[in-house]
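The values are calculated or read from the model by the stated rules, or taken from the named source; none is laboratory data. Computed from a predicted model, the values in this text were never measured in an experiment. Cβ: placed from backbone, ideal geometry, glycine included. Neighbour counts: every protein chain shown. Accessible surface is based on the protein model in full, side chains and every heavy atom, while ligands, DNA and RNA are left aside. Shrake-Rupley method; radii C 1.70, N 1.55, O 1.52, S 1.80 Å.
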Amino acid sequence: MDLQYIDLNGFLRSVTVPYKSYVEKVKGFVGAFDGSSVEGFQPINKSDMFLKADEKTYSVLPWNEKKARVLTEIYDFYGKRYQKDPRYIASLVTNYIKEQGFSPLVGTEIEFFLFSSVSIDIENPIRGLGYSLSSIEQPWDIDTLTLRTKKAYHHAEPNDKLAKTREDIINSFEKMGYGFEASHHEVAVSQNEVSVKAGDPLFVADEVITFKYVARNVAIQNNLIPVFMPKPLFGDNGSGLHFHLSLWDLDMKKNLFLDETSNELSQLARYFIGGILHHGRSLAALVAPTTNSYHRLVPGYEAPVYLVWGHSNRSAAIRIPATAGKKNLTRIEFRSPDPTCNPYLAISATLLAGLDGIKKKIDPGDPYELDVYEMPKEKLKGNIATLPKSLDEALEELESDNEYLQPVFSMELLNSYIEIKRNESDMIRMMPNPYEIYMYLNL
């Protein structure tokens, strides 16, 4: 039996116990771990942590029928629910939003790459650094049908050489109790997208973590390597983790983002958008949390740069998807997040930003219906907020703008998170980049 839990970065961790032991303890603590060995959790003198099973997430592993897994809740050495447990944050945010009279509904699209091989050379940074990727769809790696850069969207088999692996991943994902809405080849060569079922923040974050877990296990059996980095390749589209969000009444019968009189977006939804755009720069530290995230957030690759909203506009940070007349599907799509985020923290923070917009009646301004990247720079300059250009910039924003998170996020959690991410950024900044060698070797 694998007892799984999630750390602040969003890594899935696991401890294995005998199934008999799990069954005997299932109503209490089923496992324990050393919190000082998990980055951002506990000091060594207060390191005993305990795990309680969330039985709804129990599943036998489709690729190993002699083993099962369950996601767990983390408790501290006092036996109290741990304040830095990301799954706890997602539960708390749902309860907090319901206290305000709303029910949150979340969906997401998971984009990722499938490569044939990943070679990394960091063994001796003093000698030099480098990496290489190979793919069964890139023209330099195969002698058969290939796909073109930025032209691979919705290609069918046999051009889509990843369809079978996606199908295997989805079948295993469904065997573990989850579901999907759609699956297809994405815009970039070797890139995929799977849209998972909508639900509350905890359920959807569990889906994202479980999907990545399933993809990594199943893809290896197909001799492929899934990569969820937002920008592993230069010159082709990066991978996002788009959040689809709406608020409903407490009975989940009425979509409050729809103005039934006009069949347009409600004022509540506009304020919600206003909150996300207003806090968008600090949100970036949680929804785009790696140095690699900011290689994706550049113009020209269907990733947002400007904090604006628009209908059917993929150049905006928030898109209002067309619903083909299905009113209950009225929602917003937040396009800044990427798959390296901790989904429990990122979804929760985004909802809290939107809720702050409702409380403060933050107007998002008029929608931008043109390609924002094509607008004259003089018109954009000073009029439109932009996303941070680096992780360091995003972390500075989060340090100064976090009050909207504090109904759920403790300052202890935020400080630990910021420290982890600053350490990451500092370490990467010290390492020479291979492209710098190319640019400056003869200068």
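Evaluate the following for TYR417: is it part of a helix (DSSP H, G or I) and either in contact with a Gly (Cβ under 6 Å, 6 or more places away or on another chain) or open to solvent by less than 30 Å² (accessible area, probe 1.4 Å) (or both)? Yes, satisfied. Restricting the first member to the stretch 271-287 and to residues that are at negative phi, and the second to residues that are part of a helix (DSSP H, G or I) and of a type in the set (D, E, K, R), the beta-carbon pairs closer than 7 Å and six or more apart or on different chains are GLY275/ASP356; HIS279/ASP356; ARG281/GLU397; SER282/GLU397; ALA284/GLU397; ALA285/GLU397; ALA285/LYS421.
What is the number of the single condition among (1) of a type in the set (Val, Ile, Thr); (2) under 20 Å from ARG422 (Cβ atoms); (3) surrounded by 21 or more Cβ atoms within 10 Å (Cβ to Cβ) that ILE273 does not meet? That leaves (2) as the condition not met. Go through PHE173, PHE180, PHE211 for me and flag whichever is of a type outside the set (D, E, K, R), open to solvent by 30 Å² or more (accessible area, probe 1.4 Å) and either closer than 27 Å to THR72 by Cβ or out of contact with any strand residue (DSSP E or B) (no Cβ under 8 Å at 6 or more places or on another chain) (or both). Exactly one residue qualifies, and that residue is PHE180. Tallying residues that are touching a residue at least 40 places away in the same chain (Cβ under 8 Å), hydrophobic (A, V, I, L, M, F, W, C) and part of a strand (DSSP E or B) within the stretch 1-29 yields 4. The condition of being of a type in the set (Gly, Ala, Ser) and farther than 16 Å from LEU245 by Cβ does not hold for SER348. In the stretch 121-144 there is at least one residue that is assigned to a strand (DSSP E or B), touching a Phe, Trp or Tyr at 6+ places or on another chain (Cβ under 9 Å) and open to solvent by 30 Å² or more (accessible area, probe 1.4 Å).
Comparison of TYR96, TYR88, TYR75 shows that the only residue that is within 16 Å of SER348 (Cβ to Cβ), in contact (Cβ under 8 Å) with a residue 24 or more places away in the chain and open to solvent by 10 Å² or more (accessible area, probe 1.4 Å) is TYR96.
When GLU174, GLU137, GLU167 are checked against the criterion of being over 17 Å from MET229 (Cα atoms) and touching a Lys or Arg at 6+ places or on another chain (Cβ under 7 Å), GLU137 stands alone in meeting it. Filtering the stretch 228-239 for residues that are over 17 Å from the mean Cα position of the chain (by Cα), surrounded by fewer than 19 Cβ atoms within 10 Å (Cβ to Cβ) and of a type outside the set (Lys, Arg) leaves a non-empty set. The criterion of being modelled with pLDDT under 95 and part of a helix (DSSP H, G or I) holds for TYR438. Taking the conditions exactly as written (open to solvent by 10 Å² or more (accessible area, probe 1.4 Å) and either touching a Leu at 6+ places or on another chain (Cβ under 7 Å) or β-branched (Val, Ile, Thr) (or both)), does LEU286 satisfy them or not? Against the criterion (open to solvent by 10 Å² or more (accessible area, probe 1.4 Å) and either touching a Leu at 6+ places or on another chain (Cβ under 7 Å) or β-branched (Val, Ile, Thr) (or both)), LEU286 does not qualify.
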